[in-house]
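Student: Below is one structure. I have some questions about it.
Derivation of every value follows stated rules applied to the coordinates shown; laboratory data play no part. A quick note: this is a predicted structure, and the numbers were derived from the prediction, not measured. All Cβ positions, even for glycine, are placed from backbone atoms using ideal geometry, and neighbour counts span all protein chains on display.
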Amino acid sequence: MNTLAFIGGGNMSSAVIGGLLKSGRPAASILVVEPVEAARARLANDFGVRVLAAADASLGEADRVVWAVKPQLFREAAAPCAAHVGAALQLSVMAGIRCDAIAAATGSARIVRSMPNTPALIGQGIAGLYARPAVSADERAEVEALLAPTGEVVWVAEEADLDAVTALSGSGPAYVFYLIEALIDAGQAAGLDAGQARRLTLATLAGATALARASDDPPALLRERVTSKGGTTHAALQVLEAAGLKATVGQAVDAARRRAAELGDAFGH
């Protein structure tokens, strides 16, 4: 089996590596470049993969390279790798680093960009993917298989669409956590203890999401089925509508999208 190389051994790399090993990939076929000694020790102990403190010629064995460093460290990390990885398919899970920058740094035109989110760490994530034209259908399928342990994937047609993916699903878990905070606080204010409020909130959100996924009906119809005119849900929704919740959410997502574009302009060239 050919070598798969990770540049950066943080949480996202660990999530992918762990899933690949569970699916039967040999640890010896995975190589990680990670400059932090404690992180190298963790990777070696947890997964048994090969780890390097710095890039060397052994990277030339890799036909797939996963870029998983912080965006501001990409140029520094790529410089010693460039001589060894030009023939490989490049997969990036870095926010903001655009394909042109990856092509310039690696010499490869075969690039797939991925925008994952943090639930990937428990196999419940979703990632937006964009592939350059030089990436074959078979290579797209390989990328999907590589990311399968982290959750679902959605392909987009234009690289710029990844800014919208970042705003919606990349940042999205934080919006959900913010809602969880608000509902727990509201439950406590209504007289529940902290444990009760947390348990009720988390189960309600998980159950409602599962119901929405299982149903072919649009969310608006599901909402209407819970809402009796003059009832408790109707009273609550009137407050949310008066506060302009939908418009506020739209503004928040747009702000995140614009910021993603700005970061791409700053780091991605």
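Student: So which GluC sites (Glu not before Pro) in the stretch 127-168 are both in a DSSP loop and have at most 14 other Cβ atoms within 10 Å of their Cβ?
Tutor: Those that pass, being in a loop and sparsely packed, are Glu158.
Student: Here's a follow-up. Hey, rough spin-label estimate for Asn2 and Ala145, points 7 angstrom out along Cα→Cβ, what's it come to in nanometres?
Tutor: 1.2 nm
Student: Hey, which lysines would be in cross-link range of Lys22, C-alpha to C-alpha under 24 Å, not counting anything within fewer than 8 residues on its own chain?
Tutor: Answer for Lys22, where 24 Å is the Cα cut-off: none of the lysines qualify.
Student: Separation of the stretch 188-202 and the stretch 65-86 by C-alpha centroid, Å?
Tutor: 46 Å
Student: How many nm separate the modelled label positions at Val239 and Ala208, each set 7 Å beyond the Cα in the direction of the Cβ?
Tutor: The answer from the label model is 1.3 nm.
Student: Compute the angle between helix 232-242 and the longest alpha-carbon principal axis of the chain, please, reported from 0 to 90 degrees and rounded to the nearest 10.
Tutor: Around 70 degrees separate the two axes.
Student: In degrees from 0 to 90, rounded to the nearest 10, what is the angle of the helix 37-47 Cα long axis to the longest principal axis of the chain?
Tutor: Between the helix axis and the principal axis of the chain, the angle is about 80 degrees.
Student: Turning to a different aspect of this structure: Only four residue types carry charge here, +1 at the Cβ of Lys and Arg and -1 at the Cβ of Asp and Glu. Report the dipole size of the stretch 3-160 about the Cα centre in Debye, rounded to the nearest 20.
Tutor: 180 debye
Student: Going by how many other beta carbons lie within 10 Å of each one, how would you line up Leu263, Leu73, fewest first?
Tutor: Leu73, Leu263
Student: Expressed in nm to one decimal, what extension gain is obtained for the pair Val176 and Gln251 from 0.36 nm per residue of sequence separation less their Cα-Cα distance? Kindly include the intermediate steps, with their values, before the conclusion.
Tutor: On the way: separation 75, 0.36 × 75 = 27.00 nm, distance 1.57 nm.
Full-extension gain reported as 25.4 nm.
Student: State the answer as a single residue: which of Gly48, Gly24, Phe74 lies farthest towards the positive end of the charge dipole of the stretch 12-78, with beta carbon charges of +1 for Lys and Arg and -1 for Asp and Glu, about the Cα centre.
Tutor: Value computed over the given set: Gly24.
Student: Using the 10 angstrom Cβ neighbour count as an exposure proxy, how do Tyr178, Tyr130 rank, fewest first?
Tutor: Lowest to highest Cβ neighbour count: Tyr178, Tyr130.
Student: Could I ask something else about it? Hey, what number do you get for the chain at 222 nm if only DSSP H runs of n ≥ 4 count, each worth -39500 (n - 2.57), divided across all residues, to the nearest 500? Kindly include the intermediate steps, with their values, before the conclusion.
Tutor: Details: 12 runs with 137 residues, N = 269.
Dividing the helical sum by the residues of the chain leaves -15500 deg cm²/dmol.
Student: What ranking of Phe267, Phe6 emerges when the number of other C-beta atoms within 10 Å of each C-beta is taken as an exposure proxy, fewest first?
Tutor: Arranged by neighbour count, lowest to highest, Phe267, Phe6 become Phe267, Phe6.
Student: Which of the lysines could a cross-linker bridge to Lys229, judged by Cα under 24 Å and excluding same-chain residues fewer than eight apart?
Tutor: Counting by Cα, and skipping residues close in sequence, Lys229 has these lysines nearby: Lys246.
Student: Among Leu192, Ser215, Ile180, which residue has its Cα positioned farthest towards the positive end of the charge dipole of the stretch 155-229, with +1 placed on the Cβ of Lys and Arg, -1 on the Cβ of Asp and Glu, and the dipole taken about the Cα centre?
Tutor: Leu192
Student: Once all Cα-Cα distances of the chain are split into 10 Å bins that start at 0, what whole-number percent is in each one?
Tutor: Binned Cα distances yield the sequence 6, 25, 30, 19, 13, 6, 1, 0.
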